[in-house]
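The values are calculated or read from the model by the stated rules, or taken from the named source; none is laboratory data. Note that this is a predicted model, so its numbers are computed, not measured. Glycine gets a Cβ as well: all are built from the backbone with ideal geometry, and neighbour counts include every protein chain shown.
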Amino acid sequence: MRLRFLGGASLVVVGAMVAGCGGSGDEAVPAKAKIDDAAVMKQAKVARAAAAAKVKANELGQVPVLMFHRVVDHPTTQDDRTPAQFRADLERLVRDGYVPVSAADFVQGKINIPAGKHPVVLTFDDSSPSQLTLDEMGVPRPGTAVAILQDVAKKNPGFKAAATFYVTRDMFGKTTPEEKAQALLWLKDNGFDIGNHTLDHMNLRGKSQKDVESQIAAVQKLTSSLAYLSPVTLALPYGNQPKNKSWAMHGKLGNVSYKHGGVFLAGYTPAPAPFNKTFDPLGIPRIRAMDKKGDCAQFCSTAWLDWLKNNPDQRYTSDGDPQTVAFPKFKAPFVAKQFAAKALPY
Ligand SMILES: [Zn+2]
C-alpha cells in the first residue's frame, strides 16, 4: 500500500487497484488477499451458475424472429394481420414469457431481459402506413401496429415496445422528405429500431454487385440524411440473397457505405442465438406471423410458438445477466468463439 495526496486535500489509499501504473506491481498485494479475491470471484461465478440453473437458462437456444407486414382491417394477402389478430399475437407472446428485443440488439448479442424470460424479435417489413401513422401532434393512430404494440406493453409491465421497421423508399406512405423525417425521428425517439429493406424493394437474386450495393446504400443515405441513423440490419426483399451473400452485409455507393451486423431472410424457422456457433449473420431466418392453417400448418408463427412451448429445451431462456452467456454444460461445444469469455456453463 502507498499513500498519495491528491489536490492537497484528499487522502487516497492506492493499492491493488492501480497495480501496473506505479511500477511496484504485484509484490505490493499480499498473497493472501489475491487468494481471497480469486475465491470470492469463484464463489460469485458459482452463485451465478446456480441462479442460471434455477431458471433453466439456455442462452444458446433458439429465438423466434417474427415477420409482420401490414396490420389492416381487411387482409388481402397471406402476410396481413388484422389489428385484433396482431393484438392477440402480442398477448400470446406475453403469456408465453417473451420479451421483445430489436433486431439490432439481437444480432449484437445485447439481450437484456429478466431471468427466465425468452427473447422475441418483432420485425415489420415494407414501411406501410398501417404500421405507423401519426397525427399532427405525433401520436400514433389507434389500430396501427405501433399503437397496438405500445398499448400491450403499457398493460403488461415488462413486455417492451421494441421492434424493427424495415424501410424502403416508400416510408410509411409519406412522400416529402420532411414527413419521412418525422416518421423516422419519431421511431428513433421512441426507442424503435430502423432497418434497411432496399430502396425499391428489389429482388436481389441474380443482380450485379453494383445494383445490390446501390439499392442498399441508397436507404442508408436516406436514413442518415433524414434522421441521422444507420441501420444495423437488413431484411432481404422476398428473402432472396444476392449471388455473393456478403454484398448485403457491406458495400458502398460513392461516398456512402454500409456495414450491417446481420441480414434477415423471410422464412421459415426460429433463429439460432447470436452466441451459438450455428448463428450465421449473413442469413438469419424469420417466421411469418400467421395462424396454423394451410401452408402455415407447420412453418409460421402459431405453429412455431407452439413447438417452442412444447420443446423448452430448444428455446432461448435468459439468466437475466446480459454480461454472461449461460447454458447447460452439455451445450458447451456450441458457444461461438467470440463469446467464450462470457460463457457461464452450469
Ligand atoms: Zn418486403
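Screening Ser246 on (1) over 18 Å from Thr164 (Cα atoms); (2) crowded, with 16+ Cβ neighbours inside 10 Å; (3) among the small types (Gly, Ala, Ser) shows it passes everything except condition (2).
A count restricted to the range 184-215 and to residues that are within 14 Å of the ligand (Cβ to nearest atom) and outside any loop (DSSP other than H, G, I, E, B) stands at 3. For Ala303, the conditions (1) in contact with a Cys (Cβ under 7 Å, 6 or more places away or on another chain); (2) surrounded by 20 or more Cβ atoms within 10 Å (Cβ to Cβ); (3) without any contact (Cβ under 8 Å) to a residue 40 or more places away in the chain are fulfilled apart from (2). With the condition kept exactly as written, say whether any residue in the range 34-54 is more than 16 Å from the ligand (Cβ to nearest atom), part of a strand (DSSP E or B) and at pLDDT 95 or above. Among the residues of the range 34-54, not one is more than 16 Å from the ligand (Cβ to nearest atom), part of a strand (DSSP E or B) and at pLDDT 95 or above, which makes the answer no.
Here the condition is being over 30 Å from Ala326 (Cβ atoms), within 16 Å of the ligand (Cβ to nearest atom) and modelled with pLDDT of 95 or more; of Arg141, Arg169, it holds for Arg169 alone. Consider Lys293 carefully, then state whether it is touching a residue at least 40 places away in the same chain (Cβ under 8 Å), out of contact with any His (no Cβ under 6 Å at 6 or more places or on another chain) and basic (Lys, Arg). No, not satisfied. Looking at the range 160-183 only, could you name the residues that are assigned to a loop (DSSP other than H, G, I, E, B), in contact with a helix residue (DSSP H, G or I) (Cβ under 7 Å, 6 or more places away or on another chain) and among the small types (Gly, Ala, Ser)? Once the filter is applied, which keeps residues that are assigned to a loop (DSSP other than H, G, I, E, B), in contact with a helix residue (DSSP H, G or I) (Cβ under 7 Å, 6 or more places away or on another chain) and among the small types (Gly, Ala, Ser), the range 160-183 yields Ala161, Ala163. Kindly evaluate Leu134 against the criterion of being assigned by TED's automatic domain parsing to the domain that holds Val219 and under 20 Å from the mean Cα position of the chain (by Cα). Here the answer is no, as Leu134 does not meet what is asked.
Scanning the range 172-183 for residues that are within 16 Å of the ligand (Cβ to nearest atom) and crowded, with 21+ Cβ neighbours inside 10 Å gives a single hit, Phe172. Residue selection: Gly267 fails the criterion of being over 29 Å from Pro333 (Cα atoms), modelled with pLDDT under 95 and either assigned by TED's automatic domain parsing to the domain that holds Pro129 or away from the ligand (no atom under 16 Å from the Cβ) (or both). Kindly establish whether Gly261 is surrounded by 15 or more Cβ atoms within 10 Å (Cβ to Cβ) and either modelled with pLDDT under 95 or more than 16 Å from the ligand (Cβ to nearest atom) (or both). It is true that Gly261 is surrounded by 15 or more Cβ atoms within 10 Å (Cβ to Cβ) and either modelled with pLDDT under 95 or more than 16 Å from the ligand (Cβ to nearest atom) (or both).
With respect to the conditions (1) surrounded by fewer than 19 Cβ atoms within 10 Å (Cβ to Cβ); (2) in a loop (DSSP other than H, G, I, E, B); (3) in contact (Cβ under 8 Å) with a residue 24 or more places away in the chain, Glu136 falls short on a single one, namely (3). For the range 220-240, the count of residues that are within 14 Å of the ligand (Cβ to nearest atom) and assigned to a loop (DSSP other than H, G, I, E, B) is at least one. Is there a residue in the range 107-127 that is at pLDDT 95 or above, touching a Pro at 6+ places or on another chain (Cβ under 6 Å), under 26 Å from Ala271 (Cα atoms) and small (Gly, Ala, Ser)? Among the residues of the range 107-127, at least one is at pLDDT 95 or above, touching a Pro at 6+ places or on another chain (Cβ under 6 Å), under 26 Å from Ala271 (Cα atoms) and small (Gly, Ala, Ser), which makes the answer yes. In the range 96-124, the residues that are free of Cβ contacts under 8 Å to residues at least 24 places away in the same chain reach residues that are in a loop (DSSP other than H, G, I, E, B) with C-beta atoms within less than 6 angstrom, at least six apart or across chains, in these pairs: Gly97/Lys117.
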